[in-house]
């Protein structure tokens, strides 16, 4: 990892996370700088989405913790903008584009109150940024994949966070939309925002991102893309499975073994 | 007690009828219900049960007769229509599965109630017997009813027998069945028909609302006991039969008591007991396994602590005071006591006055655990690129899980290393 | 035929108005909550709750001595929430598949309720028929001649009215929370909302509404009112506010048409209303097909 000092957007310590009683992430440990476009890549099943969800607080880790700008997630929620996977939503839901973008202005503190004029203005501006303003009254089920993704991004923009976490935003999206989104991200970076993206496609990853996190159940590498995107590191992440590790994982799941021993403390 | 003998001696012809009827109904419902359960269509069965009502009412209105065959025909038709509607709604409209089930269930049921009450208030003659479809009147089955049930059950059992392999594949792996060219549409049609038939007889025992229980509960109770489909079906049938017999008995003894609800209560009891007590997958088995895991972890940790106390000195089998062990690793009192007992039972340690020492066998075992710990640390470092300050806590967990088979693989993969990442010697069994 | 219909029309009197108004208010309350059940794909959980409240009603009735009291409301609500908690436990801890967990839970609770009714039939005047489809259905023609019938009207109407106000308040105050947790639960949690809280709030309201509707349509046909109008409106609405409003419209249509259908056929009012929810749904389905055939939805270019 690089030795530069930088302001940290995100720190992950010793994170171990299980899914269906089977460990999906082992002792993940890394830091990410602010103001960069960062890609999280790895083969299928490597735990990328699990990592993102754990950072967001949607999943509980078995051990370890996450800090955002030095604070726990609870304290800085309003500085984070989250874009879930497009397939996690039922697009038949009765809402138009503007309804969804306005949800970006919802917070725990104002959930019982009406949206303000300011909120509405921000929503409109966000829609303009993704070039969808003329579609504001369109029902979301009538949109194309690329348009739906842009709606999600507009919602995230409306949240006005400093740090953006996006889960596979380029899946099933046409080339023109992909370019448009990328341009938007570059613009955000120039304004000092940090964008962390779980990305599905290795080929475009090098082109899109400044920093990368290479993951395969455990951390393979994390740093500026030139350091991470080497033959050795990629081979390690993508080349063949760790059979012993997966056998252990199966054992843990079948025997319901605890991932971390509870209530012991060892003295050395 | 008298009632018990009266009932189970089957001397009363009414009792014989009831028992026979229950036998047939339990068999067909649990059999068909098992397949529905596996295909996650339990609630569809619920909707179908409610949908039989209008068919029965209309059949009665059109024919003026309460001949069970006529009513069954009416039930079959409206039952089938409900399946078609649910299917259509889910496939050809925005409506999702759960909504289509609830919609069909409530509308058809409402229609049935409307027609039934309409019949009640008009001059259709004696229509009181139609009530038994609504609530189930297991206690008052007639010979004609039994004949109908018997035939239906025969048809169901026969067809399931003939198409057993196909139904099995269809339930476990629909796409594969399609891919290999099985006539999945025709088979589904057949399964649906059997479902409707079984429900038609079943609701006469427990009524429309509780029919779902006859389909779901036996299968839910049985599945946790076995991985084999045929065993599951047999167990389901057993639970269903037993529950319906007891339910009938209760209703026989306490005349006011409705049969259906009692059957359901007893069935549910079996389901809950199974979910709790079944070996391997039951709740208590899992808890037991977790306790065993904890014990294993704690005993192995003590062995390790003892090993570490002696390692530098290369003199094993010395007495060590308990607080020396506690200095190495904190245990709570109860855990420590239990673990020491276990270790002593296995003859891995010798217990003394507030002190213990390793036995020969214990030293070997301790060596094994320490070896696994250090091998795993090597694996983490060399193959997974873990940083040195992360490997210890990870190894602390995994050392307890590694089986001899995995150990062999590890040694092979790492090339039988002599020292671990902290430069400690890796102790092999000599 | 026309003469018969006219005869029924001219026979509309205060009692009809009471009954219809009560039914309308109940359908509106059920419908508004039902919208969220449909959107969250929890229609069958709603069905389960409407069956599960029965033992709660019986026990509370025993306890309080009367059928219409706060105790009954609380008793049933408790059981409704208990039922949804039970379903969760059986599904998550005992690891039974969700549809079976629902099925086993509600049948057992309903069976328990029926047994309790039989056991305590002397202390409480509920019977199986009443449970199934409400008391009004049993004496449709005589209703307005019975002494208690005339008294029943206003009280039930007040309860239904109060319920509607509460539901309306709940849905307007909780609009954003319900909307966002129904649409994208992950996103809702990411902004700090508790999915569990909103879930159980909804379940609690559904339980309350089930009890109040008990008298009008019986516990079982509550499902028709929860799901039917909402499903009909769902097919025709693009946005949530419209969906909620249209649901009320369909609820009113079903109640009024159902009532007169029941009068005409001399059958159960509850059954007729439920049947009519199906009728209006079918119309809505046809209408939705005309507006936009599902297989030919054209996606605009990106």
What angle do you read, to the nearest 10 degrees and between 0 and 90, between the alpha-carbon axis of helix B:143-162 and the longest principal axis of chain B?
50 degrees
Evaluate the distance, in nm, between pseudo-label points positioned 7 Å from the Cα of residue A:19 and of residue A:110 along their respective Cα→Cβ axes.
3.4 nm
Fewest to most Cβ atoms within 10 Å: B:308, C:51 sort as B:308, C:51
Would you mind ranking C:79, B:336 so that the residue whose beta carbon has the fewest other beta carbons within 10 Å leads the list?
B:336, C:79
In the protein assembly as shown the DSSP beta bridges are antiparallel at a rate, in percent to nearest 5, of 65 percent
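Peptides C:279-285, A:71-77: what's the order by average Cβ count within 10 Å, highest mean first?
On the way: C:279-285: 18.9, A:71-77: 13.7.
Averaged packing, sorted descending, gives the order C:279-285, A:71-77.
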Could you work out the relative contact order of chain B? I mean the mean sequence separation of Cα pairs under 8 Å and 6+ apart, divided by the number of residues, in percent.
16 percent
With 0.36 nm assigned to each residue of separation and the Cα-Cα distance removed, residue B:122 to residue B:154 gains 7.8 nm
At R0 = 30 Å, how high is the FRET efficiency between residue A:179 and residue A:11 if r is their beta carbon distance? Nearest 0.05 is fine.
0.40
Taking the 0 to 90 degree range and rounding to the nearest ten, how far is the long axis of helix A:243-255 tilted relative to the main principal axis of chain A, both from C-alpha atoms?
80 degrees
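Can you give the relative contact order of chain A as a percent, counting alpha carbon pairs under 8 Å and 6+ residues apart?
28 percent
For the peptides B:207-214, C:105-112, A:10-17, what is the packing order when you average, over each peptide's residues, the other Cβ atoms within 10 Å and list the highest mean first? Present the calculation step by step, with values, prior to reporting the outcome.
Details: B:207-214: 30.6, C:105-112: 26.5, A:10-17: 19.8.
Result, highest mean Cβ count within 10 Å first: B:207-214, C:105-112, A:10-17.
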For residues of C:41-51, the mean tally of beta carbons on other chains within 10 Å:
5
Restricting to Cα pairs under 8 Å and 6 or more apart, the percent relative contact order of the range B:38-193 works out to 26 percent
Within a 10 angstrom radius of the beta carbon, how do A:134, B:377 rank from fewest other beta carbons to most?
A:134, B:377
Please compute the modelled spin-label separation between residue A:128 and residue B:280, points set 7 Å along Cα→Cβ, answer in nm with one decimal.
6.4 nm
What is the spin-label model distance, in nm, from residue B:142 to residue C:62 if the labels are put 7 Å beyond Cα along the C-beta direction?
3.7 nm
Report, to the nearest 10°, how far helix A:175-190 tilts away from the longest principal axis of the Cα atoms in chain A, using its own Cα long axis and a range of 0 to 90°.
80 degrees
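Quick note: the coordinates plus some simple rules give every number you see, no bench work behind them. In this text the structure is predicted, and so the values were computed from the model without any measurement. Using ideal geometry, Cβ is built from the backbone for each residue, glycine included, and neighbour counts are taken over all protein chains shown.
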